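Notes follow the structure.
All of the numbers you see were taken from the coordinates with simple rules; none came from a lab. Everything numeric in this text was worked out from a predicted model, so none of it was measured. Cβ: placed from backbone, ideal geometry, glycine included. Neighbour counts: every protein chain shown.
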Amino acid sequence: MRSVYNIGVELIKSRGARSSAAAHRLGVEMCKELKTKVLRWLPPTSNGPSAQHEGQTDGAEILSCTVKALQEGQVVAVPTDTIYGLACLAQSSEAIRRVYDIKGRNGQKPLAICVGEIQDIYKYCKVKVKKELLGDLLPGPVTLVFERSEILNTDLNPFTPLVGVRIPDHALMRRLCQMCGEPLALTSANISTHSSTVAVHEFQDLWPKLAVVVDGGPIGDQSRLGSTVVDLSVLGKYRVIRPGCALSATVDVLERKYGLSENPGEE
């Protein structure tokens, strides 16, 4: 019997995608061979769930399929509010290793974690700022860096006592975290040193290595800068690690509203 997870591929051309039909056909054949599932996600509207169009997979099925893959230790590709990302269970050491292998990533470069709700941050991080500050920045295109808690997988970034945490302003990502009941490790969907991606066809060479690719269409912000990364591990201070796409608004909240001062730290 054909299973939802293990059968071939559903390839739906992303809205506005610039890749050729030939390239998509090649992608289909590659994914059929290796059992990658590529599904199109349309976000809910203000009036409720989006109307389903031809070729679109039901949102509940996408969530179920993706969660199943994650819980089996696989790596998936997902849209976020900034760029496309690769995600796996942060508490799975084997899955973490797979992410590094897929990206060809330097083992000394950390992965961030993604959670569904602000209260989840306190399980995995030692927070030294007011909860109201977290609420002003999250969900949003910001990664906040804190000292990690003891419960977080020691094989995730074992070279540092810190961890970056995100709550993307994206319904799919938040729901995936909620359904998994634990954080996802998250990094950009591209080969290391290559540009960040804002459409699924841009990382098509990675599809055969992934269990699921969720096509959320082109991401609106074409800056490809990713989230703004800020270290808040020192009481009363902040340090910008990566300017990203929301630097000005983030610094304004940190300085003007909460009185934090910049700590340049080490280069």
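Any idea how far the Cα center of segment 147-223 sits from the one of segment 229-267, in Å?
22 Å
Using alpha carbons only, what's the Rg to Rh ratio of segment 21-262 with Rh from Kirkwood?
0.96
Size of the dipole of segment 131-267 about the Cα centre, Lys and Arg at +1 and Asp and Glu at -1 on the beta carbon, nothing else charged, in debye to 20?
In debye, rounded to 20, segment 131-267 gives about 180.
What does the charge dipole of segment 57-191 about its Cα centre add up to, to the nearest 20 debye, if the Cβ of each Lys and Arg holds +1 and the Cβ of each Asp and Glu holds -1?
360 debye
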